[in-house]
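Working notes, beginning with the structure itself.
Bear in mind these aren't lab numbers, they're just calculated from the coordinates by the rules spelled out. A quick note: this is a predicted structure, and the numbers were derived from the prediction, not measured. Quick reminder, even Gly has a Cβ in these numbers, built from the backbone with ideal geometry, and neighbours come from all protein chains shown.
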Amino acid sequence: MGSPPSKVYIVMHSDPAGATVVLGVFAVLQDANDECFSRARAEDVMLTSESSTTGPSRDHIVPVEPMRWDTADGVSCWVQGFDVIPRRIVNPDII
């Protein structure tokens, strides 16, 4: 038996011309969302909230959904999650 698939979160940015670049790959959703927020601040994009998802209290952040923002002039930044499934699973008893 192998480990369950892990997940990675990729932060992507698209300009008005349609060119898309990868800004980073993260193992934790909150880190990816933070990068997306940082990009918004760097580009002076006004967001309605400084958190993608909040938990039971105002001080508790629980990222449940990947972040996304779009501007009227066609700039976008978003986080997309992908399952990482190893091509081969090695039995730990063999190692």
TODO: Between Asp15 and Arg88, with labels modelled 7 Å along Cα→Cβ, what's the label distance in nm to one decimal, could you check?
DONE: 4.2
Open item on the list: Give me, ordered by chain and number, the residues 5 or more places off Gly24 or on other chains with an amide H under 5 Å from its own placed amide H.
Closed with: Val11
